[in-house]
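Remarks on the structure that follows.
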Amino acid sequence: MSNLISHSHIWATLKNHQKYLASVQMQDLFALDEQRYENFSVVACDLLLDYSKNRLTKDTLHLLKQLATKANLENWIKELFSGELVNNTEHRAALHVALRNRSNTKITVNGEDVMPNVNAVLAKMRKFSNAVRDGDWLGYTGKRINTIVNIGIGGSDLGPAMVTRALRTYQHPLLQSHFVSNVDSSHLGDILSKIDPETTLFIIASKTFTTQETLLNAHTARNWLIEKLGSDTAVAKHFVAVSTATQKVSEFGIDPVNMFEFWDWVGGRYSLWSAIGLPITVMIGMEQFEELLTGAHELDQHFATAPLLENLPILMGLIDVWYSSFFGTTSQAVLPYDYTLKLFPAYLQQLVMESLGKQVTRDGDLVDYSTCPVIWGAPGNNGQHAFYQLLHQGTQVIPTDFIVAIESNFDLPSAEHQDAVLSNALAQSHALMMGRNLAKTKQKLVDIGIQGNDLAQQLPHRVFPGNQPSNTIIYKKLTPKVLGKLIALYEHKVFVQSVCWGINPFDQWGVELGKNVASTLLPALRTEQDGNIHDSSTNGLLNYIKTYRHK
Ligand code: F6P
C-alpha cells in the first residue's frame with residue numbers, strides 16, 4: 001500500500017476534474033458568473049489576492065481543500081509554529097516564525113524557549129546598526145562608515161539584497177551598500193575598485209561559515225583591507241560576522257564580540273529575519289526592520305488562523321499544486337509591476353526551488369507526480385518587451401503572479417508613470433486570460449484594411465489563444481510592513497505545497513554533489529599533469545582550460 005498522496009481517492013477525483021477543466025475557457029467561466037471576481041478574491045493583511053483568472057471553479061477549490069485535509073495541512077501548520085522538528089532529514093525545527101514573533105509568546109525547541117535569544121540578538125543588532133548609522137562606529141583611521149559590503153551567498157545574500165533594494169527609499173542618506181556573492185573576481189574585484197577601505201564595513205554572512213565562495217571572498221577582502229590600511233588590527237573595526245558557527249568565525253579572525261548569532265533552526269533561505277538581516281538594519285534602521293518583522297508576523301497569524309479557503313498562502317499553494325501536479329505545468333512567472341521588487345524573482349528562485357525541487361517524499365518514496373515548477377520573472381514592463389510573447393502565443397501553460405503596487409515609493413511630478421504601470425499590469429492579465437479568437441482577430445484586421453491574401457497569411461499569426469492563468473496581488477505601497485507580509489506569504493505558500501506533495505521543504509541535499517565534485521576538481525586544476533579523474537567531457541574541458549589559461 002503506497003503512502004503517496006497520488007494514490008488517494010481525492011487525487012484521482014482531482015485528476016478527473018482536471019480532464020473536464022482542461023477544455024474550459026476562463027472567459028466562459030467569467031461569462032457564466034458575473035460575481036466571479038467577488039467569488040474568487042480575498043483581501044487579508046492589506047493584500048488583495050485576485051485568483052479569479054485561474055482555471056478553476058468552486059468545485060476545484062472544494063476538492064483542493066479536501067486534498068489539503070488529506071495531507072493533514074492544518075496539523076502541519078501547528079507543528080511548524082510550535083517548533084516541532086519539521087525538517088525531518090536534518091532533525092531540526094524551521095522556526096523563521098519565531099524570528100518575527102512580535103507577540104513574544106513562548107516558542108520552544110527541544111524544550112527551550114527560543115524567544116530570549118531571539119530578542120537578545122535583535123537588541124545587539126539595534127545597538128550596532130544605530131552606532132554605524134549615527135556615525136559612532138568609526139573605522140580604523142577614525143573615519144565614519146559610509147559603505148556596507150555584505151559577503152554571503154544564497155540565503156545569506158538574496159534576502160537581504162532583495163529587501164535592501166526594495167526599501168531603498170528608507171535608506172540612510174549617508175550609507176551605500178553592496179552585496180558580493182559570486183566567487184569570480186569580477187564581482188568582488190569590481191566592488192573593491194569602487195570603495196574606500198577607511199570607510200567600509202564588511203559583513204561576512206554565512207550560516208555554516210564553510211561556504212567556499214563566501215570564505216574565499218572574505219579572505220580576499222580581509223587581505224585587501226590589511227594591505228590598504230597597513231595593519232591586522234584594522235580588521236576589528238571593518239569586519240563583523242553573522243553566523244551560527246562561533247568557532248569558525250573566530251578562526252577566520254573576527255572577534256566573537258563582533259559576531260551576530262543565529263541558530264540551526266533558521267534555514268538559510270528563511271533567514272533574512274534573523275541576524276542575516278544585519279545589512280538591512282544598518283541601511284534602513286532597526287525601527288523599519290521591526291516593521292518588516294511585524295508585517296511578516298501579521299501574515300503568520302493569518303496563515304495560522306484563517307479558514308482554508310480565505311487563507312492567502314493556502315489558496316496560492318493549492319492553486320500551484322493544481323497546476324504543477326494536475327495540469328503538468330513546469331514553470332511559473334513572477335512579474336512585479338513595482339521596480340523596487342526587481343530582485344524578488346531571484347529571491348523566490350531560491351525560496352521556491354531549493355525548498356520544493358525534490359523528487360522523494362519525507363519518507364524517501366519516489367514521487368510519481370510533478371512537484372516544483374521553474375520560477376522565473378522580471379519587472380513587468382521589461383518583461384512585456386522581452387518574454388511576454390511566449391506567454392501570449394507560446395505553447396505552454398504558464399501560471400503567472402502579477403504583483404502590483406497602487407502607489408510608487410518614488411514620487412515623480414507626473415501621475416502618468418503610475419497610471420501607465422497600472423494599466424499595463426491589468427491589461428496583461430486580462431489579455432492573457434481572454435486572448436483573441438479567430439473571428440475577432442479577423443474582424444480587427446479587416447477593420448484596419450487588411451484583406452485577401454494578406455489577411456489569410458496574417459490571421460494565424462495574430463490570434464491569441466488566451467486561457468493563460470494568473471493571480472494578481474495588489475498592495476497600496478511597498479512599506480517595510482507590506483514587504484514583510486509579501487515575503488511571508490510566499491514562504492508559507494511554499495510550505496503548503498510541500499505538505500500537499502509530502503516533501504521536506506527545509507533541506508537542500510541537492511546542492512551537495514556539485515560541491516563535492518568541485519573539491520576534487522580544484523586540485524586537478526592546479527596540477528601540471530593532465531586530468532584523468534572524470535568523464536571524458538569534464539577531463540577535456542579541464543585540460544583545455546589548463547592549456548589556454550596562462551597563454
Ligand atoms: O548551497 C546552498 C546553501 O546551503 C543555501 O541553502 C544557503 O543559503 C547557502 O548555501 C549559503 O550557506 P551559508 O549561509 O552557510 O554560507
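Since every read-out is calculated from the coordinates, none of them should be taken as a lab result. Quick caveat, the model's predicted, so the values are computed rather than measured. Please note: Cβ atoms are built from the backbone with ideal geometry, for glycine as well, and neighbour counts cover all protein chains shown.
A few points about this structure:
- Rg of the Cα atoms in the chain, relative to 2.2 N^0.38 Å, amounts to 1.06.
- Charge dipole magnitude, Cβ of K and R +1, D and E -1 - region 416-540, Cα centre, debye nearest 20: 780
- Size descriptor, Kirkwood hydrodynamic radius, that averages inverse alpha-carbon separations across region 319-442, Å: 16.4
- Once the Cα-Cα distance is subtracted from the 0.36 nm per residue extended length, the ALA123 to ARG144 segment shows a gain of 5.4 nm.
- Euclidean distance between Cα centres, region 5-76 to region 225-245, Å: 54
- Between HIS534 and ARG102, the distance separating the two model label sites (each 7 Å from Cα on the Cα→Cβ line) works out to 4.8 nm.
- Its relative contact order, with pairs defined as Cα atoms under 8 Å and 6+ residues apart, puts the chain at 19 percent.
- Only Lys, Arg, Asp and Glu carry charge here, each on its Cβ (+1 for the first two, -1 for the last two); on that basis the chain has a dipole of about 600 debye about its Cα centre.
- Positive-pole candidate from VAL24, THR13, VAL42, dipole of region 1-47, charges at beta carbon: THR13
- Mean Cβ neighbour count within 10 Å, used as a protection proxy, ranking 520-528, 197-205, 105-113 highest first: 197-205, 105-113, 520-528
- Mean Cβ count within 10 Å, highest first, over the residues of peptides 40-47, 250-257, 479-486: 479-486, 40-47, 250-257
- The H on the amide N of TYR337, modeled in the peptide plane, is under 5 Å from the matching H of GLY380, ILE403, VAL404, ALA405, each at least 5 residues off or on a different chain.
- Sum of -39500 (n - 2.57) over DSSP H runs of 4+, divided by residues of the chain (222 nm, nearest 500): -14000 deg cm²/dmol
- Net length available on complete extension from LYS515 to THR527 is 2.4 nm, with 0.36 nm assigned per residue and the Cα-Cα distance removed.
- Net charge contributed by nearby residues that have their C-beta within less than 11 Å of ASN88 (K/R +1, D/E -1): -3
- Sorting 295-301, 271-277 by their mean Cβ neighbour count within 10 Å, with the most densely packed peptide first, gives 271-277, 295-301.
- Relative to the Cα centre, the charge distribution of region 1-124, modelled as +1 at Lys and Arg Cβ and -1 at Asp and Glu Cβ, gives a dipole magnitude of about 200 debye.
- Cα gyration tensor shape for region 445-551, rounded if a/c is under 1.5, else prolate or oblate: oblate
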